[in-house]
Amino acid sequence: MTNILQAVRVIVNSKIPDVASFYRSQNRINAVGDALEAFVKDIFANTVTETNETSKYEAYSKLFSYSGNANNPPDLMIKGGDAIEVKKVGLGTGKIALNSSYPSAKLFVDSPMITSTCRNCESWTEKDIIYAIGCFANNKLEILWLIYGDCYAASRETYEKIKNKITQGVSEISSVEFSVTKELGRVNKIDPLGITDLRIRGMWQIENPRNVYNYIDIDYKLNKSFRLFVLIQETKYLSFSIEDRKQIESLNNPDLVIKNIKIKSPDNPIQLIPAKLMIYQI
């Protein structure tokens, strides 16, 4: 089974400075968003330099139980391991568009936003989720964040409470025919002919990691072409095998820094949580 520590090792060892150009050179992918998704899949599968498509997809099939679509989270699930959601944003500090899905500290099998294929692709109840956020400038991947959801998002009750209040408020409007959907709801037969419906859809977004963690001492080196930032709660980091931890800690690469830090709890910011921050800049 693969994991985030193995993915970081692949990035450090592959030393690819321009992800979009790399995938274009293979005549595989033109769009930068697709290149980002391919890169994330390849770093977890250790297939970045694999040129044989059959071998590449055999590795995917062995390691992943699900590869999703643009409309339903997640984008990827590791067999017996974590889920991964890939997001693309500009290089600045703009917010991350999550569309109809609110942020997730963890992914649950009973989530109404996932597909039945995702729900049934393996035996699972909940998964830790990694947000892979690629920041692009001039079609070039400049920054990649790999952040666990429990470092980034509150518990799902926080978002469900707001979602349910909005749904309830609309349903209580008099003379409205309301239908419950996977979105916030639908109001039916608005006009006298009864031929117009109103879909009520949430468009969620979350703050850019650079703003969220501006209280952490992160040394953004201006003369670098690619930067990787990885954020993991200490308890999660220690759950990985000793072998995986030793391999990442013994890379002895001057461009890779591993720090012990404390981050604000997404559920209670006054509480600080021990975490690991990995920084790789080339």
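Two numbers describe the Cα atoms of the range 36-137: Rg and Dmax, which are 14.1, 40 Å. Count charges around S111 for me, please; just the other residues with Cβ under 11 Å from its Cβ, Lys/Arg as +1, Asp/Glu as -1. Neighbour charge sum, excluding S111 itself: +2. When restricted to Cα atoms, the range 1-88 yields an Rg and a Dmax of 12.3, 33 Å, respectively. When the charge dipole of the chain is built from unit charges on Cβ atoms (+1 for Lys and Arg, -1 for Asp and Glu) and taken about the Cα centre, the candidate among G80, Y60, L91 whose Cα reaches farthest toward its positive end is L91.
Once backbone amide H atoms are built at 1.01 Å from N, T181 has R186 as its partners under 5 Å, excluding neighbours fewer than 5 places away on the same chain. Of the GluC sites (Glu not before Pro) found in the range 136-182, the ones in coil according to DSSP and having at most 11 other Cβ atoms within 10 Å of their Cβ are E172. Shape summary of the range 159-252, radius of gyration then Dmax from alpha carbon positions: 24.1, 72 Å. Take 251-257, 93-99 and order them by the average number of nearby Cβ atoms within 10 Å per residue, most first; the result is 93-99, 251-257. In degrees, nearest 10, range 0 to 90: what is the angle between the Cα axis of helix 4-14 and the longest Cα principal axis of the chain? Approximately 50 degrees, to the nearest 10.
The label-point distance for L251 and I195, in a model that sets each label 7 Å from Cα toward Cβ, rounds to 6.1 nm.
Across the cross-link table entries K41/K221; K56/K106; K127/K264; K161/K182; K41/K88; K15/K224, which are compared at the Cα atoms, the separations over 18 Å belong to K41/K221; K56/K106; K127/K264.
Taking θ as phi - 60° and the Karplus parameters 6.51, -1.76 and 1.60, the scalar couplings of the range 71-76 work out to 9, 9, x, x, 7, 7 Hz in sequence order, x denoting glycine and proline. To the nearest 10 degrees, how steep is helix 156-171 against the longest Cα principal axis of the chain, on a 0 to 90 scale? Tilt of helix 156-171: around 20 degrees.
So if I take the centroid of the Cα atoms in the range 1-26 and the same for the range 213-282, what is the distance between those two points in Å? Computed from Cα coordinates, the inter-centre distance equals 18 Å. DSSP beta bridges confined to the chain are antiparallel in about 75 percent of cases.
Could you give the angle, 0 to 90 degrees to the nearest 10, between helix 53-63's Cα long axis and the longest principal axis of the Cα atoms of the chain? Tilt of helix 53-63: around 70 degrees. Using C-alpha pairs under 8 Å with a sequence gap of at least 6, the mean separation divided by the residue count of the range 205-282 gives a relative contact order of 41 percent. Across the alpha-carbon set of the chain, the Rg to Rh ratio works out to 1.00, Rh being the Kirkwood radius.
Values in this text are rule-based calculations from the coordinates and carry no lab data. What you see is a predicted model; the values in this text were computed from it and never measured. Note that we place each Cβ from the backbone using ideal geometry, even for glycine, and neighbour counts take in every protein chain shown.
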